[in-house]
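**Q** One structure, pasted below without further comment.
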Amino acid sequence: MKKLALALFLLASATELTAHLFNWPTVRHFSKPLLMAFLGLYYYLSVEKSELSKLVVLALVFSWGGDVLLMYQPKHELYFIFGLASFLAAHLFYIFTYKQFRSEDTSNALMGVQRFRYSFPVILAGTGLITVLYNHLGDLKIPVVIYALVLVLMVLNALFRFGRTSLSSFSMVFFGATLFMISDSLIAINKFLMPVANSGLWVMITYITAQYLIIEGLLKHKQ
């Protein structure tokens, strides 16, 4: 059954990207809400019920909410704000998830100077984006800055799993978290700074890949 759920997720993903490529907004009203629904089903069917993480489920539920709300942002700015809040909650649940999906053994973890050195590029990217966008945010300065800070924390907590899980689990989750940051950055640049060519397509490619890698990486935690 989990293979069927994964196949449905991939089918919904392909449909969503094709709808972006050929500008089929009606199709996207069906394909986009199905993305996190099928990915959540895949996660649910891939774990023993005793090991099901409510944090992962909540992260996917709020991601689904953000997906749906952002579809309607052209109609009213409130949809963007509520979509932002939904994804903010998703990132917070992912932060707690990363803390849950790591071992207590810190003998191989990033410590001290190492932790700072590897964190620096992520922090630099986040603060750089805020600096570039800040004067263009208007009334949304505070919510967007808060969102960006939480997004950076989400990526850093994925980074801090290094040495506390399997290499495959760490790599997939960290790469997924980084792609999530890229996806959100593209949305912000396109909305507040300047148009990005094929932004919708690139946003969804990075977003879909990010969410899949995070879930697949978490599933590999105990292997």
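**Q** Check K54, K49 and return the single one that is out of contact with any His (no Cβ under 9 Å at 6 or more places or on another chain), at pLDDT 95 or above, under 19 Å from H221 (Cα atoms) and exposed (fewer than 15 other Cβ atoms within 10 Å of the Cβ).
**A** K54
**Q** What number goes with the only condition from (1) aliphatic (A, V, I, L, M); (2) surrounded by 15 or more Cβ atoms within 10 Å (Cβ to Cβ); (3) under 27 Å from K191 (Cβ atoms) that I146 does not pass?
**A** (2)
**Q** Right, next: Any residue that is aliphatic (A, V, I, L, M), out of contact with any Asp or Glu (no Cβ under 8 Å at 6 or more places or on another chain), at pLDDT 95 or above and under 26 Å from G217 (Cβ atoms) - is there at least one of those in the range 115-122?
**A** Yes; the residues of the range 115-122 include at least one that is aliphatic (A, V, I, L, M), out of contact with any Asp or Glu (no Cβ under 8 Å at 6 or more places or on another chain), at pLDDT 95 or above and under 26 Å from G217 (Cβ atoms).
**Q** Restricted to the range 57-91, and to residues that are of a type in the set (F, W, Y) and either in contact with a Pro (Cβ under 6 Å, 6 or more places away or on another chain) or part of a helix (DSSP H, G or I) (or both), which residue is nearest to S31 (Cα to Cα)?
**A** W64
**Q** To continue, here is another question. For the range 18-39, what are the residues that are within 17 Å of the chain's Cα centre (by Cα) and among the hydrophobic types (A, V, I, L, M, F, W, C)?
**A** L34, L35, M36, A37, F38, L39
**Q** While we're looking at this one, here's another question. Kindly list the number of the only condition in (1) free of Cβ contacts under 8 Å to residues at least 12 places away in the same chain; (2) buried (at least 20 other Cβ atoms within 10 Å of the Cβ); (3) aromatic (F, W, Y) that fails for Y79.
**A** (2)
**Q** Can you find a residue that is more than 27 Å from L78 (Cα to Cα) and either of a type outside the set (D, E) or surrounded by 17 or more Cβ atoms within 10 Å (Cβ to Cβ) (or both) anywhere in the range 20-27?
**A** yes
**Q** When the range 191-223 is examined, which residues are found to be under 18 Å from L84 (Cα atoms) and surrounded by fewer than 17 Cβ atoms within 10 Å (Cβ to Cβ)?
**A** Selection gives F192, L193, S199.
**Q** So, one more: Considering only residues that are under 23 Å from V150 (Cα atoms) and either in a helix (DSSP H, G or I) or among the β-branched types (V, I, T) (or both), which ones fall in the range 40-56?
**A** Of everything in the range 40-56, those that are under 23 Å from V150 (Cα atoms) and either in a helix (DSSP H, G or I) or among the β-branched types (V, I, T) (or both) turn out to be G40, K54, L55, V56.
**Q** Here is a follow-up. Within the range 205-218, which residues are closer than 14 Å to L11 by Cα and of a type in the set (A, V, I, L, M)?
**A** Across the range 205-218, the qualifying residues are I205, I208.
**Q** If you don't mind, there's one more thing I want to ask. What is the one condition in (1) surrounded by fewer than 19 Cβ atoms within 10 Å (Cβ to Cβ); (2) not in a loop (DSSP other than H, G, I, E, B) that N157 does not satisfy?
**A** (1)
**Q** Could you pull out the residue among K191, K141 that is farther than 24 Å from S13 by Cβ, among the charged types (D, E, K, R) and out of contact with any helix residue (DSSP H, G or I) (no Cβ under 6 Å at 6 or more places or on another chain)?
**A** Result of the check over K191, K141: K141.
**Q** Anything in the range 1-18 that is modelled with pLDDT under 95 and aliphatic (A, V, I, L, M)? List them, or say none.
**A** M1
**Q** Right, next: Is it the case that some residue within the range 96-111 is in a helix (DSSP H, G or I), of a type in the set (A, V, I, L, M, F, W, C), touching a residue at least 40 places away in the same chain (Cβ under 8 Å) and touching a Phe, Trp or Tyr at 6+ places or on another chain (Cβ under 9 Å)?
**A** The answer is no; no qualifying residue exists.
**Q** Please enumerate the residues belonging to the range 1-59 that are of a type in the set (F, W, Y) and either farther than 26 Å from M154 by Cβ or free of Cβ contacts under 8 Å to residues at least 60 places away in the same chain (or both).
**A** F22, W24, F30, F38, Y44
The values are calculated or read from the model by the stated rules, or taken from the named source; none is laboratory data. Remember, predicted model here, so these are calculated numbers, not experimental data. We place every Cβ from the backbone using ideal geometry, glycine too, and count neighbours over all the protein chains shown.
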